[in-house]
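Asks: Below is a structure I'd like to ask you about.
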Amino acid sequence: MNKQILVSALGAMLLASCADHFDQNFETVRPGKEAQYGYLEQYDALKEYIKDRPNFHLGIGTAVDEYNKKELVYALTNSNFNETVAGNAMKMASCVADDGSMDFEKVKEYVKNATDAGLSVYGHTLAWHAQQPNKYLKNLIKDKELPPDPNGGNMYLKIACGEAGANKWDKQISYELPKALVKGQSYVMSVKVKASDGGTFAAWPIRDASDNKKQCGGSDDVQYLAGYEITKDYSTLKWEFTAEFPIDKLQFVFGNVGGTISCDDFKLTKAGSDENLIENGDFAKESAPGWNQTGCTIQVASEAPSVEIFTDCLRNGEMKTGDDMSNFVVREAGKGDVPGTPIAGGPDGKNCVVVHANANAVNEWDTQFFIYTPNKTWSAGDNYKITFYYKASENIDADTQCHGEPGTYKHWACLNPNPSFTTQWQKYEANGTIPAEGDGMKAIAFNLNKGKKDHAIDYYFADIHWGTVEKGNKKPLTPDEKKDILTTAMQKWIYGMMEATEGKVKAWDVVNEAISGKVGTEFYPLQSATRGTVSADDAKNNFYWQDYLGDLEYVRTAVAAARKGFVDAGGKPEELKLFINDYKLETAYDQNKKLKSLIHWIEEWEKDGVTVIDGIGSQMHVSCCMDPVEQKKREDAYVNMLNLMVKSKKLVRISELDMGLEVKKNEVKDGEYPYVQVNTTDMTEEQHKAMRAYYEFIVKKYLEIVPENQQWGICQWCVTDSPANSGWRAGLPVGLWDSDYYRKHTYGGFAAGLGAPEYWNNAK
């Protein structure tokens with residue numbers, strides 16, 4: 001196969017492996033570059049350098065659709081590597097549809113093709129927050145509709161819209177007027193509407209009997225009235241208009257609306273009249289005469305009675321050991337703000353938090369306890385409900401304040417009444433409204449040095465719940481209900497994947513990217529949409545299993561499901577290896593704190609005596625830095641990463657290795673990152689060779705530091721340099737081959753790291 005065919009077939013594809021000599025006509029070095037790159041022709045395929053390491057997995061991220069064609073990508077992958085990793089095809093969103101149905105046909109074909117070719121397949125990934133079928137998962141735990149009032153209740157027109165359409169007219173309801181409206185007469189029309197998913201609701205009255213027909217049929221006499229945005233709450237829409245022709249049909253269009261629309265109290269009157277021209281507009285007769293539908297279905301339904309709905313804004317109000325405690329912040333003298341520590345001794349066998357108030361305090365607020373909602377900002381006028389149990393080592397009062405973040409004072413008064421502590425457990429319960437001065441608050445502060453006593457006092461808090469209160473016809477699922485439903489969903493997905501792969505995929509990223517990088521804690525907490533450890537966009541677009549199953553249980557559930565599913569599919573249990581995979585484990589700026597945090601969390605997950613994590617995967621999306629001081633820091637941090645991983649006694653895998661190059665900025669502002677990425681098109685020979693050296697360093701140090709019994713291997717993530725329009729490290733020199741599939745200096749560095757000769761020493 002010649003070069004031109006190769007380039008045409010692969011184009012700018014990333015995550016596909018490349019063997020540059022599987023065909024005798026393939027050129028390894030770009031013509032005209034022999035002086036700088038000619039030595040690269042002396043290298044064999046990469047996997048030839050690991051023949052004496054039969055247990056070393058030399059992996060490559062692979063585009064599954066291309067691999068399954070058994071053409072170029074297939075040949076290139078098989079020629080250079082002994083393990084393949086699906087870039088996307090084995091992630092949940094690629095296999096599970098919005099309705100929960102699962103399709104593993106592509107995965108089955110990929111695994112068969114790879115294993116038949118003698119390659120192992122590494123599974124990526126079972127439990128992650130990104131690339132999840134969000135619609136399916138969120139639908140599983142949506143609010144439950146309350147049953148209709150058995151005594152009748154309010155009747156309304158229920159419209160089932162299905163998926164949102166592309167055009168306004170894709171979905172509509174219409175009403176045949178018993179008598180046409182009079183041309184030139186003024187009218188007033190209104191309806192009460194709400195929608196589960198929101199959207200636009202517009203009125204288009206029409207003269208259906210007109211001879212003025214559209215080319216495609218239907219009347220061209222349409223009077224286009226305003227469209228209004230509708231929400232999940234009822235609003236009354238109103239149109240005032242003068243009939244431009246004898247209108248005989250009312251049309252209401254809502255093509256961009258999905259889910260369900262509820263309509264009630266349709267009313268059409270002449271200006272100055274109270275007579276409703278729409279029969280049974282309130283649907284009290286439980287019928288809908290004259291109404292028709294297009295692109296949707298309609299029925300007269302009975303609305304459930306409105307009930308008070310409490311939505312808890314706190315996590316782990318029961319203070320379960322090992323679960324997140326970030327909603328409960330303790331400030332004791334000289335210790336700063338830390339999450340409370342759950343201990344036994346609460347009411348009814350529950351845990352509690354103890355806060356030690358020091359003697360002879362300077363201020364009443366020297367010791368404080370905060371009930372904190374990091375992802376909920378309260379507004380003035382918000383209705384809330386709060387309950388908790390409390391006691392102290394003696395009878396004493398405490399004041400409460402409104403705070404923004406804990407310690408950011410807003411107002412001197414919050415709860416009414418303030419709690420009065422006794423030596424016995426008692427329950428505090430109140431329905432309240434956020435005061436004007438509390439607008440923007442996130443925390444209730446308890447001042448625990450009331451009276452500034454000459455002796456220390458212990459305060460105890462337990463079973464805390466603080467949330468919103470509203471009226472509605474739906475009831476949120478309880479945390480336990482959501483946990484049970486999602487546990488089943490996770491198990492179903494993992495069992496399905498294991499069945500599809502038939503025990504042939506023996507290593508998996510069982511959990512991907514669990515650890516946040518939140519500053520200010522001894523160990524980084526997990527990523528979470530509810531605790532302020534991820535961005536607002538990530539919280540909106542991703543699905544964090546840990547927010548529902550718990551920090552400990554979501555990993556334990558995934559591990560247990562993987563091991564059971566693997567054995568049920570015919571695999572030998574001792575052959576299955578499960579990894580936790582994460583990024584920025586090799587970073588110098590935080591002294592490998594993220595890796596230390598991951599190791600800490602692995603220890604927590606394994607404390608049940610059942611859960612076993614076999615290995616740690618490090619996504620090394622690194623950059624070589626032309627600042628020698630900075631580069632040395634990065635190399636030292638990488639070495640430290642390897643030593644920490646070895647110390648953990650887990651298998652060590654470099655899971656997604658690719659590399660860019662950075663140079664120092666000419667001007668650096670205070671607090672600004674001082675380096676900038678260099679595009680492939682702007683690279684110098686010196687910079688290319690620096691990257692070669694870094695690749696050699698990375699691979700050599702892995703083989704030098706990691707004992708053979710802990711070595712899993714190294715997976716190169718980007719084969720070629722990234723195109724300028726790529727969604728991953730666009731325009732950067734991240735490959736071992738350039739964009740035209742010629743070997744780069746980095747190829748030589750990787751090969752030398754594996755044990756190949758450093759042929760460049762003898763190059764002219």
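Asks: Within segment 22-36, is even one residue surrounded by 21 or more Cβ atoms within 10 Å (Cβ to Cβ), at pLDDT below 95, outside the structural domain of GLY731 (by TED's automatic domain parsing) and closer than 24 Å to LEU657 by Cβ?
Replies: No, there is no match, as no residue in segment 22-36 is surrounded by 21 or more Cβ atoms within 10 Å (Cβ to Cβ), at pLDDT below 95, outside the structural domain of GLY731 (by TED's automatic domain parsing) and closer than 24 Å to LEU657 by Cβ.
Asks: Same structure again: Given the criterion under 21 Å from ILE278 (Cα atoms) and under 36 Å from the mean Cα position of the chain (by Cα), identify the matching residue among LYS183, LYS158.
Replies: LYS158
Asks: Further question: Can you list the strands (runs of 3 or more DSSP E) lying wholly within segment 332-384 that have 1 or more residues being modelled with pLDDT of 95 or more and buried (at least 20 other Cβ atoms within 10 Å of the Cβ)?
Replies: 353-357, 368-372
Asks: Could you give every pair whose Cβ atoms fall below 6 Å, whose first residue belongs to segment 488-514 and is within 16 Å of GLN546 (Cα to Cα), and whose second residue is aromatic (Phe, Trp, Tyr) and buried (at least 21 other Cβ atoms within 10 Å of the Cβ), counting only separations of at least 6 or pairs across chains?
Replies: Cβ pairs passing all conditions: ASN512/TRP128.
Asks: Oh, and also: Let me confirm something: among ASN418, ASN449, ASN363, ASN383, which residue is of a type outside the set (Val, Ile, Thr) and touching a Gly at 6+ places or on another chain (Cβ under 9 Å)?
Replies: Unique residue meeting the criteria: ASN383.
Asks: How many residues, within segment 250-279, are over 47 Å from the mean Cα position of the chain (by Cα) and either farther than 17 Å from THR236 by Cα or at pLDDT below 95 (or both)?
Replies: Qualifying residue count for the region: 8.
Asks: If you check LEU126, LEU137, which single one turns out to be out of contact with any His (no Cβ under 8 Å at 6 or more places or on another chain), surrounded by 19 or more Cβ atoms within 10 Å (Cβ to Cβ), more than 28 Å from LYS69 (Cα to Cα) and modelled with pLDDT of 95 or more?
Replies: The unique qualifying residue is LEU137.
Asks: Still on this model: Among the strands (runs of 3 or more DSSP E) lying completely within segment 648-764, list those that include at least 1 residues that are of a type in the set (S, T, N, Q) and farther than 27 Å from ALA507 by Cα.
Replies: 675-677
Asks: In the set SER618, SER597, which member is hydroxyl-bearing (Ser, Thr, Tyr), surrounded by 13 or more Cβ atoms within 10 Å (Cβ to Cβ) and more than 23 Å from GLU704 (Cα to Cα)?
Replies: After applying the criteria, what remains is SER597.
Asks: Here's a follow-up. Given the criteria at pLDDT below 95 and either surrounded by 19 or more Cβ atoms within 10 Å (Cβ to Cβ) or closer than 30 Å to SER94 by Cβ (or both), does GLY152 qualify?
Replies: So GLY152 fails the test.
Asks: Next up: For ALA413, all conditions in the list (1) more than 23 Å from MET325 (Cα to Cα); (2) of a type in the set (A, V, I, L, M); (3) in contact (Cβ under 8 Å) with a residue 40 or more places away in the chain hold save one; what is the number of the exception?
Replies: Every listed condition holds for ALA413 apart from (3).
Asks: Mind counting the residues in segment 170-212 that are of a type in the set (S, T, N, Q) and over 22 Å from GLU240 (Cβ atoms)?
Replies: Adding up the residues that qualify gives 3.
Asks: Where the second residue is surrounded by 12 or more Cβ atoms within 10 Å (Cβ to Cβ) and outside any loop (DSSP other than H, G, I, E, B) and the first is without any contact (Cβ under 8 Å) to a residue 12 or more places away in the chain and lies in segment 558-574, which pairs have Cβ atoms under 8 Å and are six or more apart or on separate chains?
Replies: The qualifying pairs are PRO573/ARG563; PRO573/PHE566; PRO573/VAL567.
Asks: Can VAL85 be described as among the aliphatic types (A, V, I, L, M), at pLDDT below 95, crowded, with 23+ Cβ neighbours inside 10 Å and touching a Leu at 6+ places or on another chain (Cβ under 9 Å)?
Replies: The answer is no for VAL85.
Asks: Right, next: From the list VAL329, VAL307, which residue is touching a Phe, Trp or Tyr at 6+ places or on another chain (Cβ under 6 Å) and of a type in the set (Val, Ile, Thr)?
Replies: VAL329
Asks: Another question about this same structure. Tell me, which residue of segment 192-234 that is of a type in the set (A, V, I, L, M) and touching a Lys or Arg at 6+ places or on another chain (Cβ under 7 Å) is farthest from ALA164 (Cα to Cα)?
Replies: ILE206
Asks: Right, next: Looking only at residues that are out of contact with any Pro (no Cβ under 9 Å at 6 or more places or on another chain) and closer than 28 Å to ALA560 by Cβ in segment 526-540, which one is surrounded by the most Cβ atoms within 10 Å (Cβ to Cβ)?
Replies: Ranking the candidates gives LEU526 first.
Asks: Moving on to the next point. Test of understanding: among VAL639, VAL629, which residue is modelled with pLDDT of 95 or more, out of contact with any helix residue (DSSP H, G or I) (no Cβ under 9 Å at 6 or more places or on another chain), under 20 Å from ARG692 (Cα atoms) and of a type in the set (A, V, I, L, M)?
Replies: Unique residue meeting the criteria: VAL629.
Asks: Looking at segment 553-573 only, could you name the residues that are surrounded by fewer than 22 Cβ atoms within 10 Å (Cβ to Cβ) and either in the same structural domain as CYS313 (by TED's automatic domain parsing) or under 30 Å from LYS442 (Cα atoms) (or both)?
Replies: GLU553
Asks: Which of the following residues is assigned by TED's automatic domain parsing to the domain that holds VAL353 and within 24 Å of LYS350 (Cα to Cα): GLN401, GLN426?
Replies: When all the criteria are applied, what remains is GLN426.
Asks: Let me ask you something else. Hey, could you check segment 416-438 for residues that are within 16 Å of HIS465 (Cβ to Cβ) and without any contact (Cβ under 8 Å) to a residue 40 or more places away in the chain and say which is surrounded by the most Cβ atoms within 10 Å (Cβ to Cβ)?
Replies: The qualifying residue surrounded by the most Cβ atoms within 10 Å (Cβ to Cβ) is PRO419.
Asks: OK, next. Are any residues in segment 93-152 within 20 Å of the chain's Cα centre (by Cα) and among the acidic types (Asp, Glu), and if so, which ones?
Replies: ASP98, ASP99
The values are calculated or read from the model by the stated rules, or taken from the named source; none is laboratory data. Please read these numbers as outputs of a predicted model, since none were measured by experiment. All Cβ positions, even for glycine, are placed from backbone atoms using ideal geometry, and neighbour counts span all protein chains on display.
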